[in-house]
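Quick notes on the structure that follows.
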């Protein structure tokens, strides 16, 4: 079980999808039950991972490894190799949780073509999990591309009025980025063959040879930058970073609620995950190149401000939430390209936070939409009088999303800003208005929708949350408070992988790398480093509480 | 030099002879069959293919027993090596699936004549000669046998104007291109004094040694005319005009057959001539190939974007695929022989042809099954809402389309993979980037079809009847597309095996 836990988590949803093929499509309730059972099973099988991972959280390298390099297609050099570190562990837990929540939330929202819907959703779930688990680039690429198909169908079949346009735009945009990434990685693969005489897509092998290109006189730094840009394009489109974000509002607005939850909660994280897992360790000298880094930071800051400003202007709730994602993900990439421990761990934590809060925001919008079939803000007003429980949960999630202390968003954003500040205070200064604007657009939205008297007679008969809907929110609220009040376990989980990346990118001459350096040594020496890191986070927290 | 042909000669020709006999047998048998028993013809044709395949197996066993990678026959005019055997299997598989798709289609068209199957088998005979030919005369005879049979097959719907028009266009342009091709070959004969590919090759090497600083202009003219003929046959731009018309007008099952088997045969011939006979001229033709491949990818992808007829759309997409395969040829011809790009480029082309056989036949099969009593079934509107009429076919079509677009883990990805890899290995980064960008174009027009299938309501809501033969054909194609996609290892090994001989462009060791 220990050895195959990742495969079990990966294929549980797929088994459910295969089973559903044999259920006649008229039996809608049976289909819903089966899909929900498998989605819940997908979450339950991932639960044992928590204590197992926790026990070895300070160990370096990938854990729960499965498969050996090149075992899948030996003549290409591709292997079915799975493995996780702290970063992928958190994202996997997020995926299984949000997967279950979105499938549960679709119970009444999806009425036609129910069978297909759940089949594609479960297939999507497997695809996303595979992206976070694969330790072989070929396998990663297969999941990365294959996952587009179910998402395309989910948007295209169950989407809103402009669904065809949105679906194909989503598909083309993401493919455009990833094909160039394929070329880039083919070069790394070929280069690895040159260096070692072995054809392999194993990520751990490529980690060793890819950074050498920058210093190789045969290719040089410009060539390495071009290779990085191919990766950048793929991941920046997925994140999405400004100016590659235009597919996102379309896809989000047209997608069904559960699709939006998964899209915002998990799919966007594949882009940031790609940066952390591939772009940084493959091209450490490129990302430290002042020009490249300057552009990355610039685009992140533009994304933060631009996304927030556009959110302010929206008349459609879902579009507002969609653009707020652009802003929040700007923080995540800002943290990544701060390229220090605080920035990176803040970024990963903020990715989780964004999955929790924005996932919840889409559910919130979906609940109103399901009852009234409109998302126009002007159609609502005074909803808190009619749906008090709903209004309370919405308030919590809004506050979490805007980064109020005691809730999860604050911890992530604060750590990111702290990391950025350590690099260059001006970067942090430019990013801070994003936090204020977030409060503005969210609170203004809340005021318009929930406060005041009920002006629209159509809203008078709305019923409050059903127990099923409440159940979908419960875990999200709990986790939002947990991360907000006691983020230490999360930082501990992230410590090893983040330090490793910082060490790869920064090398020996980075102040404080002593501690980082020690921590990737065997375990007995690691305790010291862990203490330093935890102290750092604790300091951040204390400071945070002070400013409250 | 009068010679007696020995046992080996006839053994090497066994699959060709068997297939010819069956084709003739169908012509005779057809006369005796009552109208409602015409299905027997299809079964006979399938039996012929099985026997022919058994003949290939027998050759393989004999070659293994003798421990040689290949054997030449009939005064070296024919070589049966692994490369040949690979293509023979490919042709037979393509023909078998096409026959399965044709049975019901011909019944609906009221054109259920035995000649159809006989001509199909004859054209396969021609293809086998093309793949095995090592002498330009045999290659040319094979080409003409294949082409003439296909002209008739394209015009098989005698009462249909489109079919007649297509056949005439195809005939005229095909004959024209054959003429140019023959002209080029005759120039090579004049230059080198030989019709054997090996003779041409050594003649060219001699010429190059005599004039080390420039290529003989006659040789360049000969290369250009030969290449023009070959590009006509594989339908590379700007010699592609016949293809969309022929594909649109032909009976859909014939279109499927043409798009895979006929195309694979043209490629086998092209590879034989370029890599064996004309290899000394490779520096000249690489530049030409780069130009042609860019033109083909650009033109075909742009043209496919605006098509509203499914068969025309897939026709342009098949031209675009030729563009990708040409890139493989560019990569392999632009590096010195034992470099990795050489093998990967060739692997890419061969694997591409293999997976293309299944995915494209599958796609045309689905279109063929749209043909009803009063619906031609090749317009976008005809496939709208296919999901509601025939869900299984709709999902299979999605698989074929995604595979054509090169989405992993489906078979179509691996052909592109090796071609891109060979381009990277040979340093053609710009070409590789262009190719992947056109792959995105490709996805767009394939997904236009998928949009119609899944996201629109059907105009005609009645369930679509699918014949047993068609089910079998689609099932085999889809299974192969998915299976090769998930477990490609064996198939890559098969391609490697078939390249056992291609690894040495000089086949001197092989020819007795």
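Laboratory data are not the source of any read-out in this text; all were calculated from the coordinates shown. Remember, it's a predicted structure, so these values are computed and weren't measured experimentally. Note that each Cβ is placed from the backbone with ideal geometry, even for glycine, and that neighbours are counted across all protein chains shown.
State the extension gain, in nm to one decimal, for the chain segment bounded by residue A:392 and residue A:8, taking 0.36 nm per residue of separation less the distance between their alpha-carbons. Working shown, then result.
Working: separation 384, 0.36 × 384 = 138.24 nm, distance 3.74 nm.
Between residue A:392 and residue A:8, full extension yields an extra 134.5 nm.
Viscosity 1.002 mPa s, temperature 20 °C: give me the Stokes-Einstein translational D for the protein assembly as shown in µm²/s, with Rh taken as the Kirkwood radius over C-alpha pairs.
Numbers: Rh = 30.9 Å.
Translational diffusion coefficient: 69 µm²/s.
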With bins of 10 Å, the percent of all Cα-Cα pairs of region A:134-191 per bin from 0 is 22, 42, 24, 10, 1
Shielding of B:423-430 by other chains, given as the mean Cβ count within 10 Å, works out to 3
The extension gain from residue A:376 to residue A:207, computed as 0.36 nm times the residue separation minus the Cα-Cα distance, is 56.0 nm
Highest mean packing first, using Cβ neighbours within 10 angstrom, the peptides B:485-493, A:248-256, B:278-286 sort as A:248-256, B:278-286, B:485-493
In nm, the gap between the two label points placed 7 Å beyond Cα toward Cβ at residue A:298 and residue B:175 is 6.5 nm
With Rh as the Kirkwood radius over Cα pairs, chain B has Rg/Rh of 0.96
Inter-part gap, Cα centre of region B:302-353 to Cα centre of region B:28-84, in whole angstrom, is 28 Å
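Quick one: order B:38, A:238, A:488 by neighbouring beta-carbon count within 10 Å, fewest to most.
A:488, B:38, A:238
Let me have the 222 nm mean residue ellipticity of chain B computed from DSSP H runs of 4+ only, each contributing -39500 (n - 2.57), with the sum over all residues rounded to the nearest 500.
Numbers: 21 runs with 383 residues, N = 512.
After summing the helix terms and dividing by the residues of chain B, the value is -25500 deg cm²/dmol.
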Binned at 20 Å from zero, the C-alpha pair distances of chain A give percents of 23, 58, 18, 1
Listing B:433, B:77, A:325, A:357 by rising number of other beta-carbon atoms within 10 angstrom, fewest first, gives B:433, B:77, A:325, A:357
Between the modelled labels at residue B:161 and residue A:429 (7 Å from Cα along Cα→Cβ) the distance in nm is 7.7 nm
Between residue B:209 and residue B:51, Cβ-based FRET efficiency (R0 45 Å, step 0.05) works out to 0.40
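What number, in percent, do you get for the relative contact order of chain A if the mean sequence gap of Cα pairs under 8 Å and at least 6 apart is divided by its residue count? Could the numbers behind the result be given before it?
Working: 925 pairs, mean separation 78.6, N = 548.
Taking the mean separation of contacting Cα pairs over the length of chain A, I get 14 percent.
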Rounded to two decimals, the Debye log10 I(q)/I(0) of region A:8-101 (Cα scatterers, no solvent) at q = 0.15, 0.21, 0.25 Å⁻¹ is -0.73, -1.03, -1.19
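R0 = 25 Å: FRET efficiency of residue A:111 with residue B:381, Cβ-based, nearest 0.05? The partial results should precede the final answer.
Working: r = 27 Å, r/R0 = 1.07.
Between residue A:111 and residue B:381 the formula returns 0.40.
May I ask for the equivalent-ellipsoid semi-axes of region A:337-416, computed as the square root of five times each C-alpha gyration tensor eigenvalue and listed largest first in whole Å?
Values: eigenvalues 191, 32, 15 Å².
Semi-axis lengths for region A:337-416 are 31, 13, 9 Å.
Could you estimate the translational diffusion coefficient of region B:1-131 from the Stokes-Einstein equation, with Rh from the Kirkwood formula over C-alpha pairs, at 10 °C and 1.306 mPa s, in whole µm²/s?
This corresponds to a translational diffusion coefficient of 102 µm²/s.
Using 0.36 nm times the number of residues separating residue B:487 and residue B:220, minus their current alpha carbon distance, what extension gain do you get? Before the final figure, lay out each step's value.
Numbers: separation 267, 0.36 × 267 = 96.12 nm, distance 4.37 nm.
Separation in residues times 0.36 nm, less the Cα-Cα distance, equals 91.7 nm.
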Rounded to a whole number, the mean other protein chain Cβ count within 10 angstrom for residues of A:169-180 is 4
Counting other chain Cβ atoms within 10 Å of each Cβ in A:338-351 and taking the mean gives 0
Volume per residue (Å³) of the convex hull spanned by the alpha carbons of region B:86-156 is 62 Å³
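Using mean Cβ contacts within 10 Å as the protection proxy, how do A:419-431, A:44-56, B:470-482 order, highest first?
Details: A:419-431: 18.5, A:44-56: 14.7, B:470-482: 21.0.
The packing order, highest mean first, is B:470-482, A:419-431, A:44-56.
For region A:428-515, report the % of Cα-Cα distances exceeding 23 Å. Mind dumping the intermediate values first?
On the way: 2381 of 3828 pairs.
Here the long-distance tail beyond 23 Å is 62 percent of all Cα pairs in region A:428-515.
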Two pseudo-spin positions, 7 Å from Cα along C-beta at residue A:55 and at residue B:471, lie apart in nanometres by 5.2 nm
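Return the FRET efficiency for the residue pair residue A:436, residue A:162: r is the Cβ-Cβ distance, R0 is 35 Å, and the value is rounded to the nearest 0.05.
0.60
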